[in-house]
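Beneath this line is the structure, given in structure tokens, with notes to follow.
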């Protein structure tokens, strides 16, 4: 990463805050991110020097006009025209990080050995929100190798409460 994406994201966030469009711009960026994920060849086309930049900008307009906020469309056109479309991922990641922080939101991944019940998922969400002081969007995963318990990753922290981890700790103590 060259930091250019972060600079773009900062400028976008300043505009989003000034215009009170933080949510709309984030939703538009998510849509673009999803398109790039689902069709990586589209992003490659926008990078290709074989296609004149004016044509690439027109492709962006045809693909996203009416689907994303006008500021995000302009942003994509600038990235395309300047040959910086490769910086979109870094810009998105940086914008999302700022967005979540400003919105007092965070994302968490909870991995368990078995599927949790709906009540257990709600309890996990409530406990994480209380601990982090933010609204938490949780993705639940299953990894049978954990044996039991849970591993939680949120806000750059990893809390390993799995039975596998505890057994490994006991083994280490016994070997000393």
Need the C-alpha centroid separation for the stretch 1-77 versus the stretch 99-113, integer Å. 24 Å
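Under the rule of -39500 (n - 2.57) per DSSP H run of 4 or more residues, summed and divided by the residues of the chain, what mean residue ellipticity at 222 nm is obtained, to the nearest 500 deg cm²/dmol?
-19500 deg cm²/dmol
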Roughly speaking, what is the stretch gain from residue 157 to residue 140, that is 0.36 nm per residue apart minus the C-alpha to C-alpha distance, in nm to one decimal? 4.5 nm
For residue 14 paired with residue 122, estimate the spin-label separation in nm (one decimal), with each label point 7 Å from Cα along the Cα-to-Cβ line. 4.5 nm
Along the Cα-to-Cβ line of residue 48, 7 Å from the Cα, sits a label point; which residues in the stretch 54-93 have backbone N less than 11 Å from it? 56
What percent do you get for the relative contact order of the stretch 4-101 when only Cα pairs under 8 Å and 6+ apart count? 48 percent
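In the chain, what % of DSSP beta bridges are antiparallel (nearest 5)?
Within the chain, antiparallel bridges account for around 55 percent of the total.
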Once the chain is represented by equal point scatterers at the alpha-carbon sites, with solvent omitted, what log10 I(q)/I(0) does the Debye formula produce at q = 0.10, 0.11 Å⁻¹? -0.55, -0.63
Relative contact order (%) - the chain, alpha-carbon pairs under 8 angstrom, separation at least six: 21 percent
Mind running the shape call on the stretch 4-101? Use the C-alpha gyration tensor, a ≥ b ≥ c as the square roots of the eigenvalues: rounded below 1.5 for a/c, prolate if a/b tops b/c, oblate otherwise. prolate
Can you give the relative contact order of the stretch 106-175 as a percent, counting alpha carbon pairs under 8 Å and 6+ residues apart? 39 percent
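Read-outs: derived from the displayed coordinates by stated rules, not from any lab. What you see is a predicted model, and the numbers here were worked out from it, not measured in a lab. Glycine gets a Cβ as well: all are built from the backbone with ideal geometry, and neighbour counts include every protein chain shown.
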